[in-house]
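Here the structure is laid out as structure tokens; the discussion comes afterwards.
The values are calculated or read from the model by the stated rules, or taken from the named source; none is laboratory data. If you're wondering where the values come from, they're calculated on a predicted model, not measured in any experiment. Cβ: placed from backbone, ideal geometry, glycine included. Neighbour counts: every protein chain shown. Calculation scope for accessible area: heavy atoms of the full protein, side chains included, ligands and nucleic acids excluded. Shrake-Rupley method; radii C 1.70, N 1.55, O 1.52, S 1.80 Å.
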Amino acid sequence: MATVNDNYLKLKAGYLFPEIARRVNAFAQANPDAKIIRLGIGDVTEPLPEACRTAMIKAVEEMSDRSTFKGYGPEQGYAWLREKIAVQDFQARGAAIEADEIFISDGSKCDTGNILEIFGKNNVIAVTDPVYPVYVDTNVMAGNTGEANEKGEFEGLVYLPVTADNNFTAEIPSHKVDLIYLCFPNNPTGASATKKHLQAWVNYAKANGSIIFFDAAYEAYITDPTLPHSIYEIEGARDCAIEFRSFSKNAGFTGTRCALTVVPKNLTAKAADGSDVELWKLWNRRQSTKFNGVSYIVQRGVEAVYSEAGQVQIKALVSFYLENAKIIREQLTNAGLSVYGGVNAPYVWVKTPNGLSSWEFFDKLLQTVKVVGTPGSGFGAAGEGYFRISAFNSRENVEEAMKRITEELKV
Ligand code: MLT
């Protein structure tokens, strides 16, 4: 008899965003005339930049001619794209990352989950709480945890609370952990990290032989010039960090799919026999075996992000969403709510009013003003009593949603 991976049975019923979609769809079916505004999942709404579209159209045309047609590309991504990323995203910021340390992929969600395959089973793993649920669920699937308690915390994971008290930046653990997930600018709280804060993590990781998984999917939203965009801007990070980046949120590739993972060549972890093994080699082996690369057409579209026109256009996109975030922050603050994030990030993190639980506030907003957000408790036990509002939507929808919510809060 075939058996299943029992670890999946430990997971909570549904992944957060499909669960929200299920509730919203049920409401929409029961109220077919309701004009629902979705500020839940962080999915972009604005068109792909023109430079990217033009490059992709040209790439499609190349596919129509045998002399320019492309079949399988390199599993790691085309060199012409990796080189531009190395120079413009990393070296220009003083981060010594080479093109062959960059692996192009179809998403940071996939990569942050898949990376666990190259790590052993006995690592002590730390996540912040609240946290992007993929980090937790993929560890559960991989068998790196026990069961969940009534608060939804999994046995075996180290949860580092992030709250208004610590400015939504986790304190460095007083004990040793082996793998640490950090996300800055943060999903879901919208918090950002200073160089000093990241330096403390790098120092900790180096002292303890730990590896930091640094999720920088939202780095384009950093407006404060003193804040680091990459962990490799921090001294020593090449010895202890893997970084994940995405073209979803800066260039609108959520549907088109393209991301990257950086594994520095000198970065090592221990084999069972105590020897040091280069993680780059294992990740390269993993990708070569299980992944056939991102399509040529999409990579050409992403290459255009690094052109002069592309840079101007992605900056305009990011500014557009940041202006949405500003509107959300200001309106909700004026309505008397405690509001965090949304300055260097596209997410606004709000304390729910009148002691409502996260899901109670979700239901209230859906039922009364037909606005969808994300319950903070969906990101972890410490997110209870908070609510995330995404700035990814049209200006018209954001303004209308804020009008509806602020009027409802006056009642
Ligand atoms: C979110 O809403 O948190 C995002 O959609 C996360 C993601 O990009 O997967």
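Considering only residues in region 268-285 that are in contact with a strand residue (DSSP E or B) (Cβ under 7 Å, 6 or more places away or on another chain) and touching a residue at least 24 places away in the same chain (Cβ under 8 Å), the one that is surrounded by the fewest Cβ atoms within 10 Å (Cβ to Cβ) turns out to be Lys270. Of the numbered criteria (1) surrounded by 23 or more Cβ atoms within 10 Å (Cβ to Cβ); (2) touching a strand residue (DSSP E or B) at 6+ places or on another chain (Cβ under 9 Å); (3) closer than 30 Å to Ala164 by Cβ, the one Tyr204 fails is (1). Taking the listed residues Thr254, Thr223, the one that is assigned to a loop (DSSP other than H, G, I, E, B) and either within 16 Å of the ligand (Cβ to nearest atom) or within 15 Å of the chain's Cα centre (by Cα) (or both) is Thr254, with no other qualifying. Among residues of region 2-19 that are within 16 Å of the ligand (Cβ to nearest atom), those with a Cβ under 6 angstrom from a residue that is at pLDDT 90 or above, sequence gap 6+ or separate chain, pair up as Leu16/Pro133; Leu16/Gly378; Phe17/Ile41. Would you say Ala34 is assigned to a helix (DSSP H, G or I), outside the structural domain of Leu81 (by TED's automatic domain parsing) and either within 22 Å of Lys370 (Cα to Cα) or within 16 Å of the ligand (Cβ to nearest atom) (or both)? It is false that Ala34 is assigned to a helix (DSSP H, G or I), outside the structural domain of Leu81 (by TED's automatic domain parsing) and either within 22 Å of Lys370 (Cα to Cα) or within 16 Å of the ligand (Cβ to nearest atom) (or both). Which residues, taken from region 257-276, are closer than 17 Å to Tyr135 by Cβ and more than 12 Å from the ligand (Cβ to nearest atom)? The answer is Thr261, and nothing else. Considered as a group, the residues in region 37-56 that are in contact with a Lys or Arg (Cβ under 8 Å, 6 or more places away or on another chain) and part of a helix (DSSP H, G or I) include one that is farthest from the ligand (Cβ to nearest atom), and that residue is Ala55.
The set of residues from region 208-220 being away from the ligand (no atom under 16 Å from the Cβ), of a type outside the set (S, T, N, Q) and open to solvent by 20 Å² or more (accessible area, probe 1.4 Å) comprises just one member, Gly209.
Please go through region 137-189 and give me each residue that is among the β-branched types (Val, Ile, Thr), crowded, with 18+ Cβ neighbours inside 10 Å and part of a loop (DSSP other than H, G, I, E, B), ordered by number. Residues satisfying the conditions are Thr145, Val162, Thr169, Val177, Thr189.
Report yes if Thr194 is more than 16 Å from the ligand (Cβ to nearest atom) and either of a type in the set (Ser, Thr, Tyr) or over 19 Å from the mean Cα position of the chain (by Cα) (or both), otherwise no. Yes, satisfied. Scanning region 326-374 for residues that are among the aromatic types (Phe, Trp, Tyr) and either in a helix (DSSP H, G or I) or open to solvent by 20 Å² or more (accessible area, probe 1.4 Å) (or both) returns Tyr340, Trp359, Phe361, Phe362. Consider region 101-139 and keep the residues that are closer than 18 Å to Leu282 by Cβ and among the hydroxyl-bearing types (Ser, Thr, Tyr). The one that is nearest to the chain's Cα centre (by Cα) is Thr112. Pairing residues of region 243-254 that are open to solvent by 10 Å² or more (accessible area, probe 1.4 Å) with residues that are within 11 Å of the ligand (Cβ to nearest atom) and outside any loop (DSSP other than H, G, I, E, B), at Cβ distances under 6 Å and at least 6 apart in sequence or on separate chains, gives Ser246/Ser108; Ser246/Ala259; Thr254/Ser248. On the stretch given as region 21-31, residues that are open to solvent by less than 80 Å² (accessible area, probe 1.4 Å) and within 16 Å of the ligand (Cβ to nearest atom) total 3. Within region 115-132, restricting attention to residues that are crowded, with 19+ Cβ neighbours inside 10 Å and either within 16 Å of the ligand (Cβ to nearest atom) or among the charged types (D, E, K, R) (or both), the residue that is nearest to Glu243 (Cα to Cα) is Ile115. Considering only residues of region 100-114 that are charged (D, E, K, R) and closer than 30 Å to Glu155 by Cα, which is most open to solvent (accessible area, probe 1.4 Å)? By that ranking, first place goes to Lys109.
Within region 82-99, is even one residue at pLDDT 95 or above, open to solvent by 50 Å² or more (accessible area, probe 1.4 Å) and either under 18 Å from the mean Cα position of the chain (by Cα) or within 16 Å of the ligand (Cβ to nearest atom) (or both)? Looking for residues that are at pLDDT 95 or above, open to solvent by 50 Å² or more (accessible area, probe 1.4 Å) and either under 18 Å from the mean Cα position of the chain (by Cα) or within 16 Å of the ligand (Cβ to nearest atom) (or both), one finds none in region 82-99, hence no. When Ser390, Ser338 are screened for being at pLDDT 95 or above, within 24 Å of the chain's Cα centre (by Cα) and over 26 Å from Val134 (Cβ atoms), only Ser338 passes.
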